[in-house]
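Enquirer: The following block contains the structure, expressed as structure tokens.
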Amino acid sequence: MQPCGVYSIDVLVGLLVIADKIKPSAHTAVSMLHKMGINVYLLTGDNQHTAKAIAKQAGIPGDMVFSEVLPSHKQNIVRELQKGAGLVCMVGDGINDSPALAQADVGIAIGTGTDVAVEAADIVLVKDNLVDVVAAVDLSKKTVRRIRINFLWAIFYNIIGIPLAAGAFVTLGVSLQPWMASLAMAMSSVSVVCSSLLLKWYRKPEPDGLKEEHQKSRISVSDVEAAFGSDGLTMDDLRREEKRSLIAAAEQDTLKDWGETII
């Protein structure tokens, strides 16, 4: 939030507050990533006050915010995170994010972003929904898990099938006819393909649990009116008081910034 005041001598005659609006799905996506054990950082070219305000809305800790960052600095920060934190995934949609998207181990671009960002990224999200970032991470993990399962199954299958088809157990009275060995070899490939096709039934994780927690943490209007009704206060009174508090806080920030500019 960036307040801007209009003054006549020493009297405040107008106040304009400009605030950045985050994507509606940002807080949900960050919360889901945190539940998956993934640390989320914010890299932005905005000033420190704006960056911390946006991070607070998105649920990102203040010590994981990098503000007033230039495009080349974003790339350097990603490089440093790769040295200390390991694999780094960068999500961005602007031209300034392109160097960092190319530097990251996995670059994810928003489909509605710039062409430069889309070209630099490894994954492009078709929809403008950050929850799809969680889905991309979750799907990649399930895909790698399926590859490992197929690999282990193929090893186990061939360890038994190849000696059996070669006649290694003929002395024990166990053998395969040539047509049986050919059929067994074909079934090995078919089983792996069928196992991989199970990914068609993949469903991306839904933030239902987060919605329930959010609903539990919310205070209904009736609860507030019941709590303050005995003092003669209504919701309209509370909203007006909140508005006055916000204006007063913005005015103080503006006066402070104006004084620092003069100094």
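Enquirer: Name the single residue that is farthest from His34 (Cα to Cα) among those in the range 51-78 being part of a loop (DSSP other than H, G, I, E, B) and aliphatic (A, V, I, L, M).
Expert: Going through the qualifying residues, I end up with Leu70.
Enquirer: Test each condition in (1) within 27 Å of Gln82 (Cα to Cα); (2) at pLDDT below 90 for Ala19 and report the one that comes out false.
Expert: That leaves (1) as the condition not met.
Enquirer: Here is a further query. Within the range 153-179, count every residue that is in a helix (DSSP H, G or I) and in contact (Cβ under 8 Å) with a residue 12 or more places away in the chain.
Expert: 7
Enquirer: Can you tell me how many residues within the range 51-69 are among the charged types (D, E, K, R) and within 19 Å of Leu81 (Cβ to Cβ)?
Expert: The qualifying residues number 2.
Enquirer: If we keep just the residues of the range 100-130 that are in contact with a Lys or Arg (Cβ under 9 Å, 6 or more places away or on another chain) and modelled with pLDDT under 90, which is farthest from Val192 (Cα to Cα)?
Expert: Once the filter is applied, the top-ranked residue is Thr112.
Enquirer: Could you count how many residues in the range 79-125 are in a loop (DSSP other than H, G, I, E, B) and within 17 Å of Asn39 (Cα to Cα)?
Expert: Residues flagged as in a loop (DSSP other than H, G, I, E, B) and within 17 Å of Asn39 (Cα to Cα) within the range 79-125 amount to 5.
Enquirer: Taking into account only those residues within the range 39-60 that are open to solvent by less than 50 Å² (accessible area, probe 1.4 Å) and either more than 26 Å from Val116 (Cβ to Cβ) or touching a Pro at 6+ places or on another chain (Cβ under 6 Å) (or both), which is modelled with the lowest pLDDT?
Expert: Top of the filtered list is Ala53.
Enquirer: Being surrounded by 13 or more Cβ atoms within 10 Å (Cβ to Cβ) and either in contact with a His (Cβ under 7 Å, 6 or more places away or on another chain) or over 18 Å from Gly45 (Cβ atoms) (or both) is the requirement here; does Val131 meet it?
Expert: yes
Enquirer: When you go through (1) of a type in the set (A, V, I, L, M, F, W, C); (2) in contact with a strand residue (DSSP E or B) (Cβ under 7 Å, 6 or more places away or on another chain); (3) open to solvent by 70 Å² or more (accessible area, probe 1.4 Å) one by one for Leu87, which number turns out not to apply?
Expert: (2)
The values are calculated or read from the model by the stated rules, or taken from the named source; none is laboratory data. What you see is a predicted model; the values in this text were computed from it and never measured. Using ideal geometry, Cβ is built from the backbone for each residue, glycine included, and neighbour counts are taken over all protein chains shown. Surface accessibility is based on the protein's heavy atoms, side chains included, excluding ligands, DNA and RNA. Shrake-Rupley method; radii C 1.70, N 1.55, O 1.52, S 1.80 Å.
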